[in-house]
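Data block below; observations after.
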Amino acid sequence: MTVRRAEADDAAAVSDLVARFFAEEGFAASAGEVKARASTFLAEPANAAFLYERDGVAVGVATATTVFGFETGRYGEIEDLYVLPVYRGRGVGRELIDAAVRWCRERGCRHVEVVVTPGAEIRHGLTGWYRSLGFVETGRTILQRDLG
């Protein structure tokens, strides 16, 4: 089993896993939208996806982005984490998060953020899991405005 950074020709594997994640969690983007965005996501220098593979088959994915802002300089966000149900509880998610954090650190990020939705907290207790990986709550609230 290995974790590696996804390349352009991995767009199908990345989009398949992200689409499964979105479907399970009830996110708005359809599988078609995810597939259409995968190549663009992977081509952006500020983005990365990591695949966990077993016998050459992708069984987990993590995606990360970086941003540069006035407050802290460059920082990262882990946007997506998904592991096929049969591989959960085996350390796959932890290895994917570790790879994403290393990538952010290598790009000069001062910190890495992750957003836990209320539904994900109820279903999976992710806040505690992320705390076990060294993440802390900041007390900030995320507000969003839809731009259509």
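The values are calculated or read from the model by the stated rules, or taken from the named source; none is laboratory data. On a predicted model such as this, the values are computed, not experimentally measured, just so you know. Here the Cβ positions follow ideal geometry from the backbone for every residue, glycine too, while neighbour counts run over all protein chains shown.
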From Tyr82, Tyr75, grab the single residue that is in contact (Cβ under 8 Å) with a residue 60 or more places away in the chain and buried (at least 17 other Cβ atoms within 10 Å of the Cβ). Tyr82
Just checking, how many residues over segment 98-147 are under 20 Å from Ala29 (Cα atoms), of a type outside the set (Val, Ile, Thr) and either modelled with pLDDT of 95 or more or not in a helix (DSSP H, G or I) (or both)? 5
Glu121 passes all but one of the listed conditions (1) farther than 20 Å from Ala13 by Cα; (2) among the charged types (D, E, K, R); (3) in contact (Cβ under 8 Å) with a residue 24 or more places away in the chain; the exception is number (3)
What's the number of the only condition in (1) free of Cβ contacts under 8 Å to residues at least 40 places away in the same chain; (2) under 12 Å from the mean Cα position of the chain (by Cα); (3) crowded, with 20+ Cβ neighbours inside 10 Å that Ala48 fails to meet? (1)
What residue, among those in segment 105-144 that are closer than 22 Å to Ala48 by Cα and of a type in the set (Gly, Ala, Ser), is farthest from the chain's Cα centre (by Cα)? Gly108
